[in-house]
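Q: Input: one structure, supplied below.
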Amino acid sequence: MSTLQTSMPAQAAAVDTRSLWSRLRTNRNWVALWFMLPAAAFLILFLAYPLGLGVWMSFTDERIGRGGVFIGLENYEWLWDDAIFWLSVFNTLLYTIVASAIKFAIGLYLALLLNRHMPFKAMIRSIVLIPFIVPTVLSAIAFWWIYDSQFSIISWSLIKLGLIDHNINFLGDSNLARGSVIFANIWRGVPFVAITLLAGLQTVSPSLYEAAVLDGATNWQRFRYITYPLLTPIIAVVMTFSVLFTFTDFQLIWALTRGGPVNATHLMATLSYQRGIISGRLGEGAAIATAMIPFLMAAIAISWFGMQRRKWQQGSNND
Amino acid sequence: MNSFTPDRRSLLKGGGTLLAAAATMSSEQLLGLAKAWAQAAPWKPEPGAKINLLRWKRFVEAEDVAFMKIVDAFQKATGVAINVSNESYDDIQPKASVAANTGQGLDLVWGLYSLPFLFPSKCVDMTDVADYLGKKCGGWAPSGEAYGKADGKWIGIPVAATGSLVNYRVAAAEKAGHKEFPKDLGGFADLIKGMNKNGTPAGMALGHASGDANGWLHWALWAHGGNLIDKSNKVVINSPETAKALDYVKGLYDNFIPGTASWNDSSNNKAFLAGQLYLTVNGISIYVTARKENPQIAEDMNHAHLPAGVDGKTRELNLSFPILVFTFTKYPQACKAFTAFLLEPEQYNPWIEAAQGYLSPFLNDYTKNPIWTADPKNTPYREVATLANTPAGVGQMGENAAAAIADFVLVDMFANYCTGREDVKTAMASAERSAKRIFR
């Protein structure tokens, strides 16, 4: 305290004699900025710079191994009437929306089940996590065998059971392929949703349920008026993450189909990789990747504003 | 262990090299040759050179063993340390591209197709190595030059190619009424139709399979007189010839085993070896594996070149394996010396013998190797270089043609039409647009 009192008048008195730099160095408002600088530098170096570089690249005709020159919107103009690009946008949206919705429904249901008292509770909960723990590429290869056009275990079983007489063309037919990759994604994504929602459920005080039971509330009413409102912020966070992960999915598709058959499962991320890295047109690949940003921003904005609306976040009741 | 001084480097090299050395029958002999070669060779490796080499993961085990033997002999004779890493077909190109872009990590890459043409400015001029080898080994086949040269200088050395040739089951083909393998397009279509009728279907990849799908679909286009680009690299894919090729391929596809639109490079190998597929287009690797694991299939199968086109000429796209040296390497002389060493008769002959037909040479003298005639089923793979074209076809090989093949422009066009997603006109128009985007 004493230093504070002595320094303040001294600074005021010497205001004309000291240089701007030395004033900035000791100004208490600026001190906060100095302390934030390392963190800011870190963020700029590892987050903002790569992002900015990617966006810049999308305005150039850079190729692998040599720099590009600024070509304005040319990459985007080519993409604008590129049927494969629009197909990949459609695929990405379809993939994200369908997979996320189903992941949410199954995840919530699983979380509610797991929240009950049952024998071997801890063990069952950890088993649920297994699909999430397996490395993506491993599970993708497993699914690749499951979906194989000649050696699929599903086709084999159904043929042996006499239900069908030829192999199912899982990854060779456009719609079946879309369904197959979405199923694989759901299989991987459900545990994340379920376990996170379960964590949210555990924070709901049992006394609320007791009170509701005393008032004669039905199961559905308890879910609708206690569980659901209290779970909303967690749902918003989980679904934001889930949508972001699904939207930017790459490994699963690349290992399973490489975007085939005839680009029916090409997502923006895989198309960007194919154009940017495989065929060496970094500028164009960057343009496709940059085109993903508005969609991601929209997804984040929706859930963020959704969360802000909840009154209880500001401390009041959710009535 | 023996007369070699176990210095720090050889201790660090680890198990792989030791294993390869242990499998060597004549490693002493090889080393003697290698030492003599290193004395006389025009390239003197930089002292203390360390090379990072990336190659595609072997499809034939013995080939890899023989390759490592050569690497080993070179290391011992010259003192150069070579660190070999393997990647699958599909991962070679992205890794090499990242290295080219960042300027570090790799010195030598032994890759596929037209890899050096994706970043020609990053490849060391190998003209001296190519001339040396050409003079010594009977000259380069024209396709070898096309695969190696850009603007008059060699940017890579096409080490070998693997032929995308027809693999078929003899009994099934005979049952379909073809005692002799058909030599024209009509006969080939008839064969595939007949095989399907007998429940012994054929199948060729129409998915994003860099080797298999590109190979036979380029043949189909060229056989009907179609081309992606003309001599001056102008896009000419939208043509009546292409339409004929599309219809022809659709006719084949309708008689294929289901699922070929999802196939990758290994799908046909698996299905053929499991006895579910009776004709496909592939390297010799199916036969090599079958001889070891499934002799009945090996006994009953044979190879043939794809039939001639409407003009009577066969033009195939075979999978070439070029080796390139990055300009940012600190040891260009060591890299050149190794490349030349690899293709010297003393090394190359035993190596292609070990590969059992998987590696077909671009250097003319090596077609005399007994491997091509010892087993008549190997013989078709001898002519791979003679019939090979680069992905550019009649055009000039370059960055754009390399990008077009990597982006599956042709494969997508055929698959779009065959699976009924687009009609002939739309399929050609979309391919034209994709190609124009690349050749702009």
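Q: Return a yes/no flag: does the stretch B:381-396 have any residue that is within 14 Å of chain A (Cβ to nearest Cβ), under 30 Å from B:LYS244 (Cβ atoms), under 21 Å from the mean Cα position of the chain (by Cα) and modelled with pLDDT under 90. Give the derivation first.
A: Residues of the stretch B:381-396 that are within 14 Å of chain A (Cβ to nearest Cβ), as a first pass: B:391.
Retained after the next criterion (residues that are under 30 Å from B:LYS244 (Cβ atoms)): B:391.
Okay, now just the ones that are also under 21 Å from the mean Cα position of the chain (by Cα), so B:391.
With modelled with pLDDT under 90 added as a condition, the list becomes B:391.
Yes, the stretch B:381-396 contains a residue that is within 14 Å of chain A (Cβ to nearest Cβ), under 30 Å from B:LYS244 (Cβ atoms), under 21 Å from the mean Cα position of the chain (by Cα) and modelled with pLDDT under 90.
Q: Within the stretch B:86-102, can you find the residues that are in contact with a strand residue (DSSP E or B) (Cβ under 8 Å, 6 or more places away or on another chain) and either part of a helix (DSSP H, G or I) or within 11 Å of chain A (Cβ to nearest Cβ) (or both)?
A: Listed by number, the residues that qualify are B:TYR89, B:ILE92, B:LYS95, B:ALA96, B:ALA99, B:ALA100.
To keep it simple, each residue is scored yes or no on (1) within 24 Å of B:LYS35 (Cα to Cα); (2) in contact with a Lys or Arg (Cβ under 8 Å, 6 or more places away or on another chain).
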| residue | (1), (2) |
| --- | --- |
| B:PRO295 | no, no |
| B:GLY309 | no, yes |
| B:PHE338 | yes, no |
| B:PHE362 | no, no |
| B:THR367 | no, yes |
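Q: Got at least one residue in the stretch B:254-275 being part of a loop (DSSP other than H, G, I, E, B), in contact with a Ser or Thr (Cβ under 7 Å, 6 or more places away or on another chain) and more than 10 Å from chain A (Cβ to nearest Cβ)?
A: yes
Q: Restricting attention to the stretch A:224-242, does a residue exist that is within 14 Å of another protein chain (Cβ to nearest Cβ), among the aliphatic types (A, V, I, L, M) and either surrounded by 18 or more Cβ atoms within 10 Å (Cβ to Cβ) or touching a residue at least 24 places away in the same chain (Cβ under 8 Å) (or both)? Quick ask: steps written out before the conclusion?
A: In the first step, residues of the stretch A:224-242 are kept if they are within 14 Å of another protein chain (Cβ to nearest Cβ); the result is none.
Checked the stretch A:224-242: no residue is within 14 Å of another protein chain (Cβ to nearest Cβ), among the aliphatic types (A, V, I, L, M) and either surrounded by 18 or more Cβ atoms within 10 Å (Cβ to Cβ) or touching a residue at least 24 places away in the same chain (Cβ under 8 Å) (or both).
Q: Follow-up. Hey, A:ALA212 hits all of (1) within 25 Å of the chain's Cα centre (by Cα); (2) surrounded by 14 or more Cβ atoms within 10 Å (Cβ to Cβ); (3) modelled with pLDDT of 85 or more but one; which does it fall short on?
A: (1)
Q: If you don't mind, another one. Against the conditions (1) under 25 Å from B:ARG315 (Cβ atoms); (2) touching a strand residue (DSSP E or B) at 6+ places or on another chain (Cβ under 7 Å), where does B:PRO182 fall short? Just the number, please.
A: Here B:PRO182 clears every test but (2).
Q: So is A:GLY315 at pLDDT below 90 and touching a strand residue (DSSP E or B) at 6+ places or on another chain (Cβ under 6 Å) or not?
A: When the stated conditions are applied, A:GLY315 does not pass them.
Q: Moving on to the next point. Between a first residue in the stretch A:285-306 that is more than 13 Å from A:PHE85 (Cβ to Cβ) and among the aliphatic types (A, V, I, L, M) and a second residue that is assigned to a helix (DSSP H, G or I) and at pLDDT 85 or above, which pairs have beta carbons less than 6 Å apart while being 6 or more apart in sequence or on different chains?
A: What qualifies is A:ALA286/A:GLY54; A:ALA286/A:MET57; A:ALA299/A:VAL243.
Q: Restricting to the stretch B:50-102, name every residue that is among the aromatic types (Phe, Trp, Tyr) and within 18 Å of the chain's Cα centre (by Cα).
A: The initial filter retains those residues of the stretch B:50-102 that are among the aromatic types (Phe, Trp, Tyr), namely B:56, B:59, B:67, B:74, B:89.
Correct list: B:TRP56, B:PHE59, B:PHE67, B:TYR89.
Q: Further question: Among the candidates B:LEU185, B:LEU133, which residue alone is in contact (Cβ under 8 Å) with a residue 12 or more places away in the chain, under 20 Å from B:GLU383 (Cα atoms) and not assigned by TED's automatic domain parsing to the domain that holds B:HIS303?
A: On the way: B:LEU185 fails: not assigned by TED's automatic domain parsing to the domain that holds B:HIS303.
So the residue among B:LEU185, B:LEU133 that is in contact (Cβ under 8 Å) with a residue 12 or more places away in the chain, under 20 Å from B:GLU383 (Cα atoms) and not assigned by TED's automatic domain parsing to the domain that holds B:HIS303 is B:LEU133.
Q: Any residue in the stretch A:150-173 that is closer than 21 Å to B:GLY203 by Cα and within 9 Å of another protein chain (Cβ to nearest Cβ) sitting within a Cβ distance under 9 Å of a residue that is basic (Lys, Arg) and surrounded by 11 or more Cβ atoms within 10 Å (Cβ to Cβ)? List the pairs, counting only those 6 or more apart or interchain.
A: Matching pairs, first to second residue: A:GLN150/B:LYS270; A:PHE151/B:LYS270.
Q: Going residue by residue through the stretch B:224-234, is there one that turns out to be assigned by TED's automatic domain parsing to the domain that holds B:GLU432 and crowded, with 24+ Cβ neighbours inside 10 Å? So that I can check it myself, show each step before the final result.
A: Let us first name the residues in the stretch B:224-234 that are assigned by TED's automatic domain parsing to the domain that holds B:GLU432, namely B:224-234.
Those still in the list that are crowded, with 24+ Cβ neighbours inside 10 Å too: B:226, B:228.
There is at least one residue in the stretch B:224-234 that is assigned by TED's automatic domain parsing to the domain that holds B:GLU432 and crowded, with 24+ Cβ neighbours inside 10 Å.
Q: Further question: Name the pairs whose Cβ atoms lie under 8 Å apart, with the first residue in the stretch B:402-422 and more than 7 Å from chain A (Cβ to nearest Cβ), the second part of a helix (DSSP H, G or I) and among the charged types (D, E, K, R), and 6 or more positions between them or separate chains?
A: The qualifying pairs are B:TYR417/B:LYS250; B:CYS418/B:LYS250.
Q: When you check B:ASN101 against the structure, is it modelled with pLDDT of 90 or more and out of contact with any Cys (no Cβ under 9 Å at 6 or more places or on another chain), yes or no? Quick ask: steps written out before the conclusion?
A: On the way: modelled with pLDDT of 90 or more: no; out of contact with any Cys (no Cβ under 9 Å at 6 or more places or on another chain): yes.
In short, no.
Q: Within the stretch B:358-370, track down each residue that is within 18 Å of the chain's Cα centre (by Cα) and either within 14 Å of chain A (Cβ to nearest Cβ) or part of a helix (DSSP H, G or I) (or both).
A: Taking the stretch B:358-370 first, the residues within 18 Å of the chain's Cα centre (by Cα) are B:358-364, B:366-367.
B:ASN364, B:TYR366, B:THR367, listed by residue number.
Q: Checking the conditions here, which among B:ALA337, B:ALA401 is of a type in the set (Gly, Ala, Ser), within 23 Å of B:MET126 (Cβ to Cβ) and assigned by TED's automatic domain parsing to the domain that holds B:VAL84? If you could, list the steps in order and put the result at the bottom.
A: Details: B:ALA401 fails: assigned by TED's automatic domain parsing to the domain that holds B:VAL84.
After ruling out the rest, the residue left standing is B:ALA337.
Q: On to the next question. Could you give every pair whose Cβ atoms fall below 6 Å, whose first residue belongs to the stretch A:76-91 and is away from every other protein chain (no Cβ under 12 Å), and whose second residue is in a helix (DSSP H, G or I), counting only separations of at least 6 or pairs across chains?
A: Pairs found: A:TYR76/A:ALA287; A:SER88/A:MET268; A:SER88/A:LEU271.
The values are calculated or read from the model by the stated rules, or taken from the named source; none is laboratory data. For clarity, every value in this text was computed on a predicted model and none was experimentally measured. Virtual Cβ from ideal backbone geometry, glycine too; neighbours counted across all protein chains shown.
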